[in-house]
1. With respect to Gly190, is the statement that it is in contact with a helix residue (DSSP H, G or I) (Cβ under 9 Å, 6 or more places away or on another chain) and free of Cβ contacts under 8 Å to residues at least 12 places away in the same chain true?
2. Test of understanding: among Asn78, Asn90, Asn59, Asn94, which residue is of a type in the set (S, T, N, Q), modelled with pLDDT of 90 or more and on the phi < 0 side of the Ramachandran plot?
3. Would you say Ile109 is within 16 Å of the ligand (Cβ to nearest atom), at pLDDT below 95 and either among the acidic types (Asp, Glu) or under 24 Å from Val57 (Cα atoms) (or both)?
4. Restricting to region 125-176, and then to whatever is basic (Lys, Arg) and under 21 Å from the mean Cα position of the chain (by Cα), can you tell me which residue is farthest from the ligand (Cβ to nearest atom)?
5. Do we find that Val205 is buried (at least 16 other Cβ atoms within 10 Å of the Cβ), assigned to a strand (DSSP E or B) and within 14 Å of the ligand (Cβ to nearest atom) in this structure?
6. Which one of these is in contact with a helix residue (DSSP H, G or I) (Cβ under 7 Å, 6 or more places away or on another chain), within 16 Å of the ligand (Cβ to nearest atom), at pLDDT below 95 and within 27 Å of Asn283 (Cα to Cα): Gly366, Gly348?
7. Of (1) within 16 Å of the ligand (Cβ to nearest atom); (2) modelled with pLDDT of 90 or more; (3) of a type outside the set (A, V, I, L, M, F, W, C); (4) buried (at least 18 other Cβ atoms within 10 Å of the Cβ), Arg238 satisfies all except one. Which?
8. Here is a list: Lys116, Lys122. Which entry is away from the ligand (no atom under 16 Å from the Cβ), more than 21 Å from Glu199 (Cβ to Cβ) and either at pLDDT below 95 or not hydrophobic (A, V, I, L, M, F, W, C) (or both)?
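The values are calculated or read from the model by the stated rules, or taken from the named source; none is laboratory data. Just so it is clear, the structure is predicted and the values come from calculations on it, not from any experiment. Cβ: placed from backbone, ideal geometry, glycine included. Neighbour counts: every protein chain shown.
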Amino acid sequence: MVELKDDAVQAAFRETVRSFIDTNSPKNKTDGEADPEESGWSKEARAKTKDWRSALVENGWIAPAWPKEYGGAGLSINEQFILNEELAENGLSNEGGFGVMMLGPTLMIHGSEEQKAEHLPKILKGDVIWCQGWSEPGSGSDLASLQTRAVRDGDEYVLNGQKIWTTGAQHANWMYMLARTDADAPKHRGISMLMFPMESNGVSVRPLVNMADFKGFNEVFFEDVRVPVENRLGEENRGWYVGMTLTDYERSGIGNSVGTQRRLEGLLKAARTTDSNQTVMNNSTTWRLSYADRWVEADIARLFSYNNNTIQVRNMVPNHEASMSKLFTTELSQKIAATTIKLFGLYGTLWDYDRPEALKGRAAGGYLSAVSATIAGGTSEIQRNIIATRGLGLPRG
Ligand SMILES: Cc1cc2nc3c(=O)[nH]c(=O)nc-3n(C[C@H](O)[C@H](O)[C@H](O)COP(=O)(O)OP(=O)(O)OC[C@H]3O[C@@H](n4cnc5c(N)ncnc54)[C@H](O)[C@@H]3O)c2cc1C
């Protein structure tokens, strides 16, 4: 496995992170009885995660990349990387959600002083959960074609339309979203970014369950929802550019690539303990070779993360490099899911968390869950387009 050596300062910081995790880590998330309404999380696991979040907030690590003046940890790029690497090694995340990762940094750049004062402290404390209203039934990859309308009426906008695939809308208190405020302008120039409470009159949420039985998505409908003009983030009709500055320096990708390696180690363990796990393919040359391929690819994924980090340390923002990493890592997660299911032969298709075979049904569950990885956050085709045009200078079609 690829490993880079820390210098003395980085090693000391890594030790600090490790001891923090030792003290505060919530134990196994799957402890307790699974609750189908909570996407399989048990009530105990939810409670432990709440404590973990509080510990992160207290230590300032809930928003490692935010500047100190706004209550963040102000960590350097390398420190953020080490923090994310250690969290991922322990199967943890920093629980920031859309508020910390996306909205907070945008508010710091485009928000009024009143908006920053109102929202940033609540995001940090986790008092308000945010969801992101970007995609619509006809507008995903081509997001700027969105049709939800916000028509100005005095000091308010009147919002009508629909969003889809809105992760966490059923738990969220507020939404930030993009709506069309000028239907006659070129598509990128007639959009504004608005924020409003989910309990506003005229907002309704309808759950969408995906094929892996994940109850995280929703459709959100707006019927004459009144949003005060002061809740617009940035200038009217400049929302596209505001939305696109949801810069995310925390997303080095290291969490994903470490998680990938941990999953592969688990699979190796299962392949070695034939009897207790009903593995049927661990003696097969085909399976062994495909496992070896996955192991090599996981190392490459880690190198992509190191590369993205190095670019950021040089004060640049990874662009087509981030696309390469996203494309490779998410397609790899699907290949790993397929390699996992094959290890168990027909047992691998048993999708039953109450049975002992095939990692307690997680081989099949993981296979179904892995499908969305290459769609979320820009599909594989979109990533390939970015690599080809911005990275390699090929002309746009
Ligand atoms: C796990 C997950 C979480 C999500 N969470 C959110 C959320 O919280 N909020 C939110 O607003 N959205 C969310 N989304 C939606 C996500 O942003 C969209 O699904 C994604 O942008 C793709 O859009 P689409 O589904 O409309 O597909 P489309 O854009 O319709 O694409 C359909 C197919 O056409 C291909 N295609 C499209 N354009 C091109 C092109 N120019 N060149 C080549 N191929 C092309 C695509 O690659 C895809 O295969 C989430 C999605 C997932 C899977």
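1. Values: in contact with a helix residue (DSSP H, G or I) (Cβ under 9 Å, 6 or more places away or on another chain): yes; free of Cβ contacts under 8 Å to residues at least 12 places away in the same chain: no.
No, not satisfied.
2. Details: Asn90 fails: modelled with pLDDT of 90 or more; Asn59 fails: modelled with pLDDT of 90 or more; Asn94 fails: modelled with pLDDT of 90 or more.
None of the others qualify; the one that does is Asn78.
3. On the way: within 16 Å of the ligand (Cβ to nearest atom): no; at pLDDT below 95: yes; either among the acidic types (Asp, Glu) or under 24 Å from Val57 (Cα atoms) (or both): yes.
Considered against the rule, which asks whether it is within 16 Å of the ligand (Cβ to nearest atom), at pLDDT below 95 and either among the acidic types (Asp, Glu) or under 24 Å from Val57 (Cα atoms) (or both), Ile109 comes out as no.
4. Among them, the one singled out is Lys125.
5. Numbers: buried (at least 16 other Cβ atoms within 10 Å of the Cβ): yes; assigned to a strand (DSSP E or B): yes; within 14 Å of the ligand (Cβ to nearest atom): yes.
So Val205 fits the description; yes.
6. Working: Gly348 fails: within 16 Å of the ligand (Cβ to nearest atom).
Step by step, each of Gly366, Gly348 is checked, and only Gly366 is in contact with a helix residue (DSSP H, G or I) (Cβ under 7 Å, 6 or more places away or on another chain), within 16 Å of the ligand (Cβ to nearest atom), at pLDDT below 95 and within 27 Å of Asn283 (Cα to Cα).
7. Only one criterion is unmet by Arg238, namely (1).
8. Values: Lys122 fails: more than 21 Å from Glu199 (Cβ to Cβ).
Result of the check over Lys116, Lys122: Lys116.
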